[in-house]
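One structure is given below, encoded as structure tokens.
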Amino acid sequence: MSKPVKEMLVREYLEKLDGVEEAAVISLRGVSGTNNTKIRSDLREKDIRVTIVRNVLFGNAFKESPLGSLSEVLKGSNALVYGAESVVDVAREIVNLVKQFPEIELKGAILDGELYAGEEGVNRLSKFPTRDEAIAEDVALILGPGRKLLASVKGPGGRLVGIIKAIEDKLESGQEIAKV
């Protein structure tokens, strides 16, 4: 491959992956053309993109970026998978696709600069909560003690309101209230 072609590919990678800091690497070797098209269209519907990469060119283009750590898992034929809300969503989709297409090889993923290598790493990453799920868990943890405190304060107050209402009803109906 000539130097101008290599430079063009590097520029294309940099343009296409501008702002991408989280991604997964898979190998589609052994997947038929029809299945490859189906995989790509299924992922595209979920706003997930697949880009075939040349290992050395990708490594050179992104060695100073968060994606640079992926160079460790770039052996053989590779595709970079990125998009959706986060790489956790990407990992979940890929793990589900592997059940349908066992020819897909999970090579690794990167989240917040940490490399999750191999099939085990991608599977572990797919079990992480997404950003929205993590926020919901945090909110529940923060509000939990407040709810318990409110219930503790509200319980005796509710009984007191009930007693006052009973006294009010007796007085309105003309009944006498026994002294305690």
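General observations
- In angstrom, the C-alpha Rg and Dmax of the range 130-180 are 20.4, 63.
- When only alpha carbons are used to place a centre, the range 122-180 and the range 3-68 end up 52 Å from one another.
- Helix axis angle, 3-16 relative to the chain longest principal axis, alpha carbon, degrees: 10 degrees
- The chain, relative contact order in percent, only Cα pairs under 8 angstrom and at least six apart counted: 24 percent
- Kirkwood estimate for the range 1-135, i.e. one over the average of 1/r between Cα atoms, Å: 15.0 Å
- Straight-distance crosslink candidates among lysines, where the alpha carbon sits under 29 Å from LYS3 and sequence neighbours closer than 8 are dropped: LYS16, LYS63, LYS75, LYS107
- Amide H contacts for GLY83 (H built 1.01 Å from N in the peptide plane; partners 5 or more residues away or on another chain; cut-off under 5 Å): ARG49.
- Among the trypsin sites (Lys or Arg not before Pro) found in the range 142-180, those both in a DSSP coil and sparsely packed, with 10 or fewer other Cβ atoms within 10 Å of their Cβ, are LYS179.
Computed from the coordinates by the stated procedures, all read-outs in this text should not be read as laboratory data. A quick note: this is a predicted structure, and the numbers were derived from the prediction, not measured. Reconstructed Cβ throughout: ideal geometry from the backbone, glycine too, with neighbour counts over all protein chains shown.
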